[in-house]
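Structure first, commentary second.
Computed from the coordinates by the stated procedures, all read-outs in this text should not be read as laboratory data. Source: prediction; values computed, not measured. Neighbour counts run over all protein chains shown; Cβ positions are idealised from the backbone, glycine included.
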Amino acid sequence: MANIGSHANWPPIEGIISDLDGVVYRGNAAIVDAVQAFERWQAAGLPFCFVTNNSTHTPEDVVRKLKSFGLVIAPKDVVTSAITAAELIRAKHPELTRVFVIGAPSLVKAMVDVGLDVTDRKREAVVMGLDRQITHEKLRIAVEAILNGAAFIGTNPDLLLPTAGGFEPGAGATITAVAAATQVKPLIVGKPEPHMIETALARLETARDSTLLIGDQIQTDIQAGKQASLLTVLVSTGVPPREDPSLVPPDFIVSSLTEIQSTPALVGHPRQRSA
């Protein structure tokens, strides 16, 4: 792995796909140099799309949050695990209509928006995301439904989330608990699976080999980027990396997104360059 800012043989980068929490902010606190880097890329005409395993926010929530930090984007520039989960349920289980949801109101809304009935009765699927009001009763209902044959979908496997003051358990912690209790492996929607990356690529309309994936977690962000055949950059502002020789390492490691800004390879989308 090399320092991206000093790497002389990089191809031109046409677009960027980036994680949010741990990259652009930690909890409710902006990572100032990261916000400034995205502002510079935006001014240069370099398109980007954010992908987040966090199912507790809608794209509109993310837009408002980034605006408070000074970065103005549109809802189409954000792909969430909640929206992707709803789309995948419709694609993979078109016969399902009744789902039990453990998660935030945004996850419930994503299910309702695609025509699913969110209920705790006659559950045909269990969808789990981050739920800061998790209870034993919710876990019991989920386990019972899955043992009775309900499909099991998890928004993401994140075990640990960065906050302004440290870290908190992620959705993956409770999803893992239910998987252990039922001995049923869930369909994971978010990173390290490439579903959201593919959606972001389609929105950017950039070439796969000229699109950069930025993340703060090797286990999720970097593996998703690798599965999608993207160049990957790990920024060390989020969750501390765990040693795991089974994981594909990032192509580059930086301590700040300003190091990416320093490379002349980031010259913008070809449609902007030719304008």
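Amide H contacts under 5 Å for Phe152: Val126, Leu187, restricted to partners 5 or more places along the chain or on a different chain, H placed in the peptide plane at 1.01 Å from N.
At q = 0.08, 0.09, 0.11, 0.12 Å⁻¹, what base-10 log of I(q)/I(0) does the Debye formula yield for the chain when every alpha carbon is treated as an equal point scatterer in vacuo? Here log10 of I(q) over I(0) equals -0.32, -0.41, -0.61, -0.71.
Sequentially through segment 201-217, phi angles give Karplus couplings (6.51, -1.76, 1.60; θ = phi - 60°) of 4, 5, 6, 6, 6, 10, 5, 4, 7, 10, 10, 9, 9, 10, x, 10, 10 Hz, Gly and Pro residues having no value and appearing as x. Within segment 51-116, list the GluC sites (Glu not before Pro) lying in a DSSP loop whose Cβ has at most 13 other Cβ atoms in a 10 Å radius. Passing both the DSSP loop test and the Cβ count: Glu95. Rounded to the nearest 20 debye, the dipole magnitude of the chain is 440 debye, with +1 charges on Lys and Arg beta carbons, -1 on Asp and Glu beta carbons, and the Cα centre as origin.
A Förster radius of 35 Å, combined with the Cβ-Cβ distance separating Val32 from Lys76, puts the computed FRET efficiency at roughly 0.90. Using Cβ point charges alone (K and R +1, D and E -1), the dipole size of segment 104-176 about the Cα centre works out to roughly 120 debye. The stretch between Lys185 and Lys92, if pulled fully straight at 0.36 nm per residue, gains 31.9 nm over its current Cα-Cα span.
For the pair Glu144 and Asp61, a Förster radius of 22 Å applied to the C-beta separation gives a FRET efficiency near 0.10, rounded to the nearest 0.05. Compared with the dominant principal axis of the Cα atoms in the chain, helix 32-43 is inclined by about 70°. Put simply, the amide H of Glu168, placed in the peptide plane, has neighbours under 5 Å in Leu161, Thr163, leaving out anything fewer than 5 places away on its chain.
Amide H contacts of Arg26 (H built 1.01 Å from N, in plane; Pro and chain starts excluded): Ile31 sit under 5 Å, all sequence-distant by 5 or more or on other chains.
Taking the charge dipole of the chain about its Cα centre, with +1 at Lys and Arg Cβ atoms and -1 at Asp and Glu Cβ atoms, the residue from Val114, Val248, Thr58 reaching farthest to the positive side is Val114.
Note on Asp120 and Glu168: the extension gain reaches 14.6 nm, defined as 0.36 nm multiplied by sequence separation minus the Cα-Cα distance.
Extension gain for the segment Ser236 to Ala207, taken as residue separation times 0.36 nm less the Cα-Cα distance, is 7.8 nm to one decimal.
Packing, as the average of other Cβ atoms within 10 Å across residues, places the peptides 44-56, 102-114 in the order 44-56, 102-114, highest first. The label-point distance for Asp244 and Thr135, in a model that sets each label 7 Å from Cα toward Cβ, rounds to 3.3 nm.
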